[in-house]
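Engineer: Dropping a structure here in C-alpha cells format, bear with me for questions.
The values are calculated or read from the model by the stated rules, or taken from the named source; none is laboratory data. This structure is a prediction, so every number in the text was calculated from the model and none was measured. We place every Cβ from the backbone using ideal geometry, glycine too, and count neighbours over all the protein chains shown.
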Amino acid sequence: MPETTASRALQSCAFLALFFLLCVRIALPQADEPSVRSEHFVLSGLDPDARWAKTLLEMAEDVWRLQSEDYPSAPPERIRLVWIDKSSEFHRLVPQQEFNTLAVASSGSPTIIFNGPRVNQQSSLDIRKTFVHEMAHLYINHNVPSEIPLWLNEGLAMHLARDPGREPTLFMALRNTLGLLPSLGELERGFPRGEQARLEAYTISYLAVARLQMRQPGGINGLLHALEQPYGGEAFFRDDVWRPLDREYRMTFLSGIHLFTLSVSSQVFWLLVTLLFIAAYIVKRRRSRIKRERLDDVVEEYIDYFDFIDEDDS
C-alpha cells in the first residue's frame with residue numbers, strides 16, 4: 001500500500017511538472033516564432049513586416065494609455081497578442097466563439113487572440129473598437145478579484161469600449177412582454193448559441209449595466225471601483241440583487257412605449273413615413289387616372305348613342 005501511494009504521488013508530481021512546462025510553452029513565444037515587441041505588448045504569429053504588425057502594436061499602446069489614464073486602476077503591464085492565420089485554427093483554440101468573431105481575450109494570462117482572416121476584412125476603426133472591448137476584458141480580469149457574472153463582464157466591456165452593440169427593437173419589447181427574453185440569471189455563466197440569440201444577450205448585458213451605472217455614484221468608473229474591492233462582484237450572483245435589476249432595466253429600456261419613442265425619433269422612422277406618403281400619393285394618382293379613363297369611356301358611349309339617335313331621326 002505505501003509503495004502504491006508513493007507511486008501515485010510520483011506520477012501526480014510528474015503530471016503537474018509536465019502540465020507546468022506545457023503552460024510555460026504556450027504562454028511564451030517560441031524561439032522560431034516570429035514576434036515583435038512594444039513597451040507593453042508582444043505580438044506573435046505575424047511577420048514583423050506585415051501591414052497589421054505595426055498598426056496593431058500602435059493601436060494596443062494607445063488603448064493601454066487610455067485605460068491607464070481613464071480607469072480606476074492600471075491595466076496589465078505585459079500583454080501577449082497572438083495572430084492566427086487560419087480561421088479553422090482560431091475556432092479550434094476558442095471553439096465557443098461565433099464564425100464572425102474577430103478576437104477574444106484569454107481568461108488566464110493577459111492574451112488577446114486574433115482571427116487573422118476576419119481581421120484582414122475589417123477597417124482600422126472596427127479593429128480598434130474590438131481592441132478596446134477585449135482590452136476591457138483583460139482590465140476586468142486583472143483588477144476585479146472576485147468572479148462576476150458573464151452579463152456583467154460583457155456589459156462593462158461594451159460600456160468601456162463605448163460600443164452599445166445592436167439597439168433594442170420593438171421585436172425585443174414584444175418578446176420581453178411575452179416573457180421570452182432570457183433573464184440575467186440565465187446569462188451568468190454563458191450566452192446562448194446562434195448569432196441572433198447572442199446579439200440579443202449582448203444587448204441585454206449592455207442595457208443592464210446601463211441601468212446599474214445610473215444608480216451607481218461615479219457612473220461606470222464608480223461601478224468598476226466597487227467591483228475592484230474584495231468580493232465586490234460576488235453579490236451579483238444573488239437572486240435578491242440581479243432580479244430587481246432585471247425588472248428595472250426591462251421597465252426602463254424595453255418597454256413598448258420607450259422603444260416606440262425611439263423609433264419615432266429615428267431617421268429611419270421618418271424615412272418610412274415619407275415613403276408611405278409617396279406610395280399613398282402614387283396610389284391616389286393611379287386611382288384618379290383609372291376613374292377618368294372610365295368616365296371618358298362612359299362619355300364616349302353616350303356620344304355614340306346620341307349620334308346614332310340623330311342619324312335615325314334624319
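Engineer: In the range 193-205, which residues are free of Cβ contacts under 8 Å to residues at least 60 places away in the same chain and in a helix (DSSP H, G or I)?
Structural biologist: If the condition is that a residue be free of Cβ contacts under 8 Å to residues at least 60 places away in the same chain and in a helix (DSSP H, G or I), then Gln196, Ala197, Leu199, Glu200, Ala201, Tyr202, Thr203, Ile204, Ser205 are the ones that fit.
Engineer: Something else: In the range 95-122, which residue that is hydrophobic (A, V, I, L, M, F, W, C) and crowded, with 16+ Cβ neighbours inside 10 Å is farthest from Asn153 (Cα to Cα)?
Structural biologist: Val119
Engineer: Within the range 40-90, track down each residue that is of a type in the set (Val, Ile, Thr), modelled with pLDDT of 90 or more and over 30 Å from Leu227 (Cβ atoms).
Structural biologist: If the condition is that a residue be of a type in the set (Val, Ile, Thr), modelled with pLDDT of 90 or more and over 30 Å from Leu227 (Cβ atoms), then Ile84 is the only one that fits.
Engineer: Being in contact (Cβ under 8 Å) with a residue 40 or more places away in the chain and over 17 Å from Met251 (Cβ atoms) is the filter here; which residues of the range 206-228 pass it?
Structural biologist: Matches in the range 206-228: Ile220, Asn221, Leu223, Leu224, His225, Leu227, Glu228.
Engineer: Give just the number: which of (1) in a helix (DSSP H, G or I); (2) surrounded by fewer than 14 Cβ atoms within 10 Å (Cβ to Cβ) does Gly190 not satisfy?
Structural biologist: Here Gly190 clears every test but (1).
Engineer: Within the range 231-245, can one find any residue that is among the small types (Gly, Ala, Ser) and assigned to a loop (DSSP other than H, G, I, E, B)?
Structural biologist: Yes, that holds for at least one residue.
Engineer: Quick one: which of Thr252, Thr261, Thr274 is surrounded by 12 or more Cβ atoms within 10 Å (Cβ to Cβ), of a type outside the set (A, V, I, L, M, F, W, C) and at pLDDT below 90?
Structural biologist: Testing whether each residue is surrounded by 12 or more Cβ atoms within 10 Å (Cβ to Cβ), of a type outside the set (A, V, I, L, M, F, W, C) and at pLDDT below 90 leaves just Thr252.
Engineer: For the range 109-125, does any single residue satisfy the condition of being hydroxyl-bearing (Ser, Thr, Tyr), assigned to a helix (DSSP H, G or I), under 25 Å from Glu69 (Cβ atoms) and at pLDDT below 90?
Structural biologist: yes
Engineer: Please pick out the residue among Arg80, Arg92, Arg162, Arg166 that is surrounded by fewer than 22 Cβ atoms within 10 Å (Cβ to Cβ) and assigned to a helix (DSSP H, G or I).
Structural biologist: Just a single option satisfies the conditions, and that option is Arg92.
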